[in-house]
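I have placed the structure first, in the form of structure tokens, so that the comments after it can refer back to it.
The values are calculated or read from the model by the stated rules, or taken from the named source; none is laboratory data. In this text, all values refer to a predicted model and were calculated from it rather than measured experimentally. Using ideal geometry, Cβ is built from the backbone for each residue, glycine included, and neighbour counts are taken over all protein chains shown.
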Amino acid sequence: MNAIQHTLNELKHIIPMPILKEAFQNDLIRRETWGRRNAPVVSIDHVIREKVIEGRVLPGINLISGQRELVSLVGLMQEQQDDWSLVLTIPKSRTNGRSITAVYAMVTGTPTGALGGSVSMQFGASSGLVDAMRAVKQSRDPMPLMSDSNIQIIGDNTIMIRSPLRLAGTLYLDCQLENDATLSHVPPAAWKHFKKLCEFAVKAYIYNNIVIPMDEAQIAGGMSIGRFKEIVDSYQDANELYEEQMNKWQKISILVDPLSHLDHIQSVVGGLL
């Protein structure tokens, strides 16, 4: 169970199934039999996930949040552009297949040096988390090795570093990666906030795709669709509520990511940590 599966389960208890089916019916492939050949069955969960969660919500939260990581730059080829700039392309194997969405600083470390121990990016291990936190703290020190003003993202996992210094030693990029496809890092305590975000996104989708055809059917056929129309009309503010919930999610995402949370605390209290 993860945040997305929990959300899909809950949505069917929040929005009436007839309304969900009406909104997503054009995308549902129902089983039909032609001799021995059957068309594949696509569930309502699959369509909601594809059209709304993957189509709108996940791209939206990737713009404002992600997972803070320290990515090793050891052994990467440095492509010198001129005396002041060089380019590094970071393979997806070092970012667990994800793209870098923001860069903050570069920090140094050795197996027993500035990071206070070997840097493990497996945050399930306490030593790795402590080491990574120390590195983020170092990036907040008055004289970091290199700040974000010297580093730019110029392509997918490709950064340009502007500095007259040649990079050497054991270097790590303090950066933000896009969320993984299942939001596996989001703890259960935050699932209700993600569920609310998806609820508003689904309601906005329903309203935008049903309200006009529903009115046209009522005018053309003289149909009275009563309660169905009343529920759909109640979703007219869903898009605005979605935007408000997205702003809340930006704050929540800082609290659920250990390194982002530490960085926030460090920026508030300064040198007290």
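What to note about this one:
- Pairs are defined by a Cβ separation below 7 Å, a sequence spacing of at least 6 or placement on different chains, a first member in region 170-181 that is more than 10 Å from residue 69 (Cα to Cα), and a second member that is charged (D, E, K, R); the pairs so defined are 178/98; 180/98.
- Residue check for residue 194: in the same structural domain as residue 24 (by TED's automatic domain parsing) and modelled with pLDDT of 95 or more: yes
- Of the residues making up region 150-170, those that are of a type in the set (A, V, I, L, M) and at pLDDT 85 or above are 151, 153, 154, 159, 160, 161.
- Of all residues in region 1-22, none that is assigned by TED's automatic domain parsing to the domain that holds residue 209 has its Cβ atom under 7 Å from the Cβ atom of a residue that is of a type in the set (Phe, Trp, Tyr) and not in a helix (DSSP H, G or I), 6 or more apart or on another chain.
- Of the residues in region 236-243, none is modelled with pLDDT under 90, over 30 Å from residue 89 (Cβ atoms), of a type outside the set (Lys, Arg) and surrounded by fewer than 13 Cβ atoms within 10 Å (Cβ to Cβ).
- Test result for residue 159, within 17 Å of residue 67 (Cβ to Cβ) and not assigned by TED's automatic domain parsing to the domain that holds residue 245: no
- Taken as a whole, the condition of being surrounded by fewer than 13 Cβ atoms within 10 Å (Cβ to Cβ) and modelled with pLDDT of 75 or more does not apply to residue 122.
- Every residue from region 44-57 that is of a type in the set (A, V, I, L, M) and surrounded by fewer than 20 Cβ atoms within 10 Å (Cβ to Cβ): 44, 47
- Residue 184 vs. criteria within 19 Å of residue 52 (Cα to Cα), of a type in the set (S, T, N, Q), at pLDDT below 90 and surrounded by fewer than 18 Cβ atoms within 10 Å (Cβ to Cβ): yes
- Given (1) modelled with pLDDT under 90; (2) assigned by TED's automatic domain parsing to the domain that holds residue 236, number of the condition residue 204 does not satisfy: (1)
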